[in-house]
Amino acid sequence: MRANSILLPLVAVVLGAAGTAPATAACKKFAFEVNDYGKDGPTRDAKALLDKHIATWAKEQGIAHYTVGKKDVTCELFLNLIVVDEHTCRAVATVCWQGADPTAPAPAKPPAKPAAKAKAATAPSRPMM
């Protein structure tokens, strides 16, 4: 019983401390498809082109440090010619970085208060004839 009375407050403190500082990280899933003869070539090319696409996107968004998760590659037979075959391979990976998603829409700003209309110092209007 004594161990439980010491352990429970300790667990509560550890869990409370862990929940006080949430990390701000964003993640996005990327994919790239390649269609080519054979299976090894399109698999390798899909991975390489996915890496290149991710690097280009991160540079355009101003993201210097990011991590790429495991790349999953799936291939489907596109065309089966008796001598050779053609596959479509798709590489998919999740990319995460610190900070907010730069492609997310900006939070909505509250509407501005309408400006007070100043009284115009013009001649009174006349009906048109």
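Taken over the C-alpha atoms, the range 22-98 has Rg and Dmax values of 15.2, 57 angstrom. What the phi angles of the range 66-83 give under the Karplus curve with 6.51, -1.76 and 1.60, with θ = phi - 60°, is a coupling list of 8, 10, 9, x, 4, 8, 9, 10, 10, 10, 10, 5, 9, 8, 10, 9, 3, 7 Hz, glycine and proline written as x.
Backbone amide hydrogens, once placed in the peptide plane, bring ASP101 within less than 5 Å of nothing, excluding anything fewer than 5 places away on its chain. For ALA55 and ALA100, the difference between the fully extended length at 0.36 nm per residue and the C-alpha to C-alpha distance is 14.4 nm.
A short reminder: the numbers here are calculations on the coordinates, not readings from a lab. Because the structure is a prediction, the values reported are computed rather than measured.
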